[in-house]
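Undergrad: Here it is, the structure in full.
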Amino acid sequence: MLRYEVELEFRPEETRASVERLLAHLEGARSGWSTADLGPRFEGLLERIVAFRALVRSTSPSFKLEQDESGAIFEQITSRI
C-alpha cells in the first residue's frame with residue numbers, strides 16, 4: 001500500500017478543459033461521444049465539478065510480508081530483503 005500526503009489546489013478555471021480532456025481520454029475515437037452531446041445539460045453538470053491538482057508532499061509505502069508465516073519463516077524471508 002502507498003499513502004500520499006498531498007496539498008490540494010482547486011482550479012475552477014480549468015474545470016471545463018479538464019472534463020473535456022478526461023472525456024477525450026476515456027472515450028477517445030472509439031465512440032465519438034463528446035460533451036457537445038450533452039447539450040445545455042453540460043453547463044449544469046459543470047457547476048458541480050471543480051478541477052484540482054494534488055501536489056504530492058510525501059509518500060509512505062507499507063508492505064505485507066507473509067503475515068501468516070511462523071516467526072522463523074518470516075525471519076528467513078525478511079533477511080533477504
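Undergrad: Amide H to amide H under 5 Å from Arg11: which residues, 5+ apart in sequence or cross-chain, H placed 1.01 Å off N in plane?
TA: Residues meeting the criterion, in which the H sits 1.01 Å from N, are Ala51, Phe52, Arg53.
Undergrad: Please label the shape of the chain as rounded, prolate or oblate, based on the square roots a ≥ b ≥ c of the eigenvalues of the alpha-carbon gyration tensor (a/c under 1.5 means rounded; beyond that, a/b larger than b/c means prolate, else oblate).
TA: Prolate is the answer for the chain, as a/c is 1.5 or above and a/b outweighs b/c.
Undergrad: Oh, and also: Given H placed 1.01 Å from N in the peptide plane, which residues other than close sequence neighbours of Val6 have an amide H under 5 Å from its amide H?
TA: Residues meeting the criterion, in which the H sits 1.01 Å from N, are Arg57.
Undergrad: Taking the Cα centre of the range 23-74 as origin, work out the dipole magnitude from +1 charges on Lys and Arg Cβ and -1 charges on Asp and Glu Cβ, in debye rounded to 20.
TA: Charge dipole of the range 23-74: 280 debye, to the nearest 20.
Undergrad: Most mobile of Gly28, Gly39, Gly71 per a Gaussian network model of the chain (Cα springs, under 10 Å)?
TA: Gly71
Undergrad: Where in the range 37-73 does the amide nitrogen come within less than 18 Å of the point 7 Å from the Cα of Arg21, taken along Cα to Cβ?
TA: 46, 49-56
Values in this text are rule-based calculations from the coordinates and carry no lab data. No experiment lies behind these values; they were computed from the predicted model shown. Ideal geometry is used to build each Cβ from the backbone, glycine not excepted, and the neighbour counts take in all protein chains shown.
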